[in-house]
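No lab work stands behind these numbers, since they all come straight from the coordinates. Quick caveat: nothing in here was measured; it's all calculated off a predicted structure. Note that we place each Cβ from the backbone using ideal geometry, even for glycine, and neighbour counts take in every protein chain shown.
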Amino acid sequence: MNILSLMQRFPDQHACIEQLERVRFDEEPYCPLCGNLHVARKRQNNVVGRWNCHGCSRASMSSPVP
Ligand SMILES: [Zn+2]
């Protein structure tokens, strides 16, 4: 894979984060701290790749980093 094919595959930050989430969550998002499946994508301006867990006290987590 060269830089051109990499840029075609991941044209922007969202495409890159979506791929990281597929690898990280194996298709179904979950909280890495408590294992809860009740998580929701954080909805704020300019915040991407952040999730809220409704099952534990950790209110925010990132998708690509454990
Ligand atoms: Zn949790």
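All alpha carbon pair distances within the range 3-62 were sorted into 5 Å bins beginning at 0; the resulting P(r) in whole percents reads 4, 18, 24, 22, 15, 8, 5, 2, 0.
Peptides 11-18, 28-35 ordered by packing proxy, namely the average of other Cβ atoms within 10 Å per residue, highest first: 28-35, 11-18.
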